[in-house]
Amino acid sequence: NKKPQSCRYMGVDLREDNFIGLRSTENNVFCMEENSSNIDNIMKVCNDSGITKFSILFIDGLHSINQVMADCRFMQHVEVGGYVLFHDTNWHPGPHCVFDALDEEMFEKTRTSVEDLDWGVGVAKRIK
């Protein structure tokens, strides 16, 4: 584990088996099996674990527009100067459309891995 002790990680996934070998409270690595739509439950666990703001939010779940928009509710907890990464912005309409629609007064946007053979990653830096 090479991350600073002050760094906290919270993983949320529908499948518990995706966390095998990850969870470590002594290293501030927290994981929970939960639908990401349940923001109140997730934020309670985050707050109880000492996580009140996110430096990095990685959205890579279901690809429907509605689900990506639901996941975007976590963006209110991203600190100014923090990042939101959207996976699959090249091919899936949910991440693609939601990333394109982000408020450019709040987020500086960049697309990476835009080649035809890649799923694409959209990077949004919170600027206010």
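The values are calculated or read from the model by the stated rules, or taken from the named source; none is laboratory data. Remember, predicted model here, so these are calculated numbers, not experimental data. Note: ideal-geometry Cβ built from the backbone for every residue, glycine included; neighbour counts use all protein chains shown. All accessible areas refer to the heavy atoms of the entire protein, side chains included, with ligands and DNA or RNA removed. Shrake-Rupley method; radii C 1.70, N 1.55, O 1.52, S 1.80 Å.
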- What tally of residues in segment 1-48 results from selecting those that are over 23 Å from Ile65 (Cβ atoms), open to solvent by less than 50 Å² (accessible area, probe 1.4 Å) and in contact with a strand residue (DSSP E or B) (Cβ under 7 Å, 6 or more places away or on another chain)? 9
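Would you check if Asn35 is polar (S, T, N, Q) and over 14 Å from the mean Cα position of the chain (by Cα)? Spell out how you get there, then give the answer.
Details: polar (S, T, N, Q): yes; over 14 Å from the mean Cα position of the chain (by Cα): no.
Judged against the criteria, Asn35 is not a match.
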- Message: Conditions first: (1) open to solvent by 60 Å² or more (accessible area, probe 1.4 Å); (2) among the hydroxyl-bearing types (Ser, Thr, Tyr); (3) under 16 Å from the mean Cα position of the chain (by Cα). Thr89 passes all but one, so which condition is the exception?
- Response: (1)
- If you go through Arg126, Arg111, the only one that is farther than 16 Å from Met10 by Cα and open to solvent by 60 Å² or more (accessible area, probe 1.4 Å) is Arg111
